[in-house]
Amino acid sequence: MKSITSRDNAQYKELKQLATSSQARRKAGRTLLDGVHLCETWLQLRGAPEQCIVSESALHHPEVAAIVMQLQAHHAHCLSLPDALYNAVSQVEHGVGLMFMVETPQRDTPAALTVNAVLLDNLQDPGNVGSILRSAAAAGIKEVYCSPGTAFCWSPKVLRAAMGAHFVLDIFENVELAPLLENARIATLATSGYAKQRLYDVDLRQPVAWVLGHEGQGVSDELLSLARHQVVIPHLGKVESLNVAACAAVCFFEQVRQNQA
């Protein structure tokens with residue numbers, strides 16, 4: 001196992017950039033998974049990472065030690081850091097001291113929507129994006145398309161909120177959503193607080209592409225006009241609207257309910 005002890009080491013500087021800069025992550029095509037849960041899930045679903053980074057104290061942690069031993073048995077690249085250097089890279093307060101560096105999948109956008117999908121129109125809160133990815137994966141949705149203004153899915157905050165959902169989804173970023181809606185071969189539904197049609201009155205026993213919009217402004221007028229259905233989730237309390245992540249969960253699991261009825 002290689003050890004780095006200097007802050008001036010070029011490899012360490014690269015790690016710090018990946019940890020702190022979304023621009024650096026996009027440019028490098030890599031990101032960091034921080035914590036035992038994300039790393040174990042990646043191992044189970046995707047295999048060995050490009051690199052395993054571990055703090056010196058974490059080598060004595062049973063779960064971390066088991067993962068490191070498994071990787072070393074397969075000759076994976078492992079790197080140890082003094083706790084002070086590791087903590088300066090980690091974005092998790094009081095974390096266990098384990099990170100994976102992984103390549104972020106690069107996929108070509110399909111010509112048309114054909115399976116259950118989610119289209120995110122300018123969602124900017126990483127926590128909301130991560131929660132939506134988690135709900136989508138739990139509901140059996142396969143594809144997620146993110147507009148250029150949507151939070152970067154492979155950022156640390158989105159990864160933590162999604163709890164490993166990334167690894168079972170096909171995620172497409174910086175996608176122009178209008179052509180996808182225009183060419184869709186499946187039903188397309190946009191959520192809107194002003195829609196007349198209730199979510200529960202739509203037949204969801206078929207593949208659906210859900211369009212979810214910006215936390216404050218909602219789905220853009222252009223995408224609303226292109227969606228086959230505009231739907232509202234009725235609510236009884238005196239609140240203006242649901243949080244977009246809560247709205248997404250209600251929509252996804254109404255589709256699950258209908259398909260299991």
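The values are calculated or read from the model by the stated rules, or taken from the named source; none is laboratory data. This is a predicted model, so every value here is computed, not measured. Every residue, glycine among them, receives a Cβ derived from its backbone with ideal geometry; neighbour counts consider all protein chains shown. Surface accessibility is based on the protein's heavy atoms, side chains included, excluding ligands, DNA and RNA. Shrake-Rupley method; radii C 1.70, N 1.55, O 1.52, S 1.80 Å.
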### Query
Mind checking whether some residue in region 173-187 is assigned to a helix (DSSP H, G or I) and under 22 Å from Ala138 (Cα atoms)?
no
### Query
Do the conditions hold for Ser135, that is, is it touching a Phe, Trp or Tyr at 6+ places or on another chain (Cβ under 6 Å), surrounded by 17 or more Cβ atoms within 10 Å (Cβ to Cβ) and of a type in the set (Gly, Ala, Ser)?
yes
### Cross-chain or 6+ apart pairs with Cβ under 6 Å, region 174-189 first and more than 25 Å from Asp201 (Cβ to Cβ), then part of a loop (DSSP other than H, G, I, E, B) and open to solvent by 20 Å² or more (accessible area, probe 1.4 Å)
Asn174/Pro148; Val175/Thr109
## Note on the structure
Scanning region 138-169 residue by residue, those under 16 Å from Val211 (Cα atoms) and not in a loop (DSSP other than H, G, I, E, B) turn out to be Glu143, Val144, Tyr145, Cys146
### Query
Which residues, taken from region 235-257, are open to solvent by less than 60 Å² (accessible area, probe 1.4 Å) and either touching a Phe, Trp or Tyr at 6+ places or on another chain (Cβ under 9 Å) or of a type in the set (A, V, I, L, M) (or both)?
Val244, Ala245, Ala246, Ala248, Ala249, Val250, Cys251, Phe252, Glu254, Gln255, Val256
### Message
Just to be sure I understand the filter: pairs with C-beta atoms under 8 Å, separated by 6 or more residues or on different chains, first member in region 242-261 and in contact (Cβ under 8 Å) with a residue 40 or more places away in the chain, second member outside any helix (DSSP H, G or I) and of a type in the set (D, E, K, R). Which pairs pass?
### Response
Asn243/Glu215; Val244/Glu215; Gln258/Asp203; Gln258/Arg205; Asn259/Arg205
### Task
Would you check if there is a residue in region 96-110 being polar (S, T, N, Q), more than 15 Å from Phe172 (Cα to Cα) and in contact with a strand residue (DSSP E or B) (Cβ under 9 Å, 6 or more places away or on another chain)?
no
